[in-house]
1. Please state the Cα pair-distance histogram of region 39-148 with 10 angstrom bins from zero: what percent is in each bin?
2. So, in Å, what gap is there between the alpha-carbon centers of region 32-54 and region 160-183?
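Derivation of every value follows stated rules applied to the coordinates shown; laboratory data play no part. Keep in mind the model is a prediction, meaning the values are calculated, not measured.
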């Protein structure tokens, strides 16, 4: 008897078990102390038990398929998503702004920008905040950091603190901000999207 399925099976790297119904808890402290540094008696891919179970856990998560092939698309997706969450939380963005920035970043192939991804994501967050009519913060790189409104100054200074923390020059900030703003405002599909 054969069964036909309309979608790929869960064994391929294209459909990883991202819900992690199977838990391989190789990092459990009680287990790690007693078993992780032990060795298998027979031939295994990895002779140390801890390394072998870490390999199985990574395969279960969809991070890799075999000993040498990693799912780089999935790793890039997770990295870009998490980096956007980190930068947006540092900049204290509103949930709707975070959603807009995250959606835009995840549509892009940041390798095609030829710029550090932290800078691109910072520029996306700055543009989203600056273009939001309901947010009084002005995050354009050329905006004066000191105004007559002290509350505005405190909220806007977060963008400059982050830029200085990652050593973004003024030229890089302005250039990337304008690339992002042009790309987000263009009506057609982005040349840099996937």
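1. P(r) over region 39-148, rounded to whole percents: 12, 32, 23, 16, 11, 5, 1, 0.
2. Computed from Cα coordinates, the inter-centre distance equals 46 Å.
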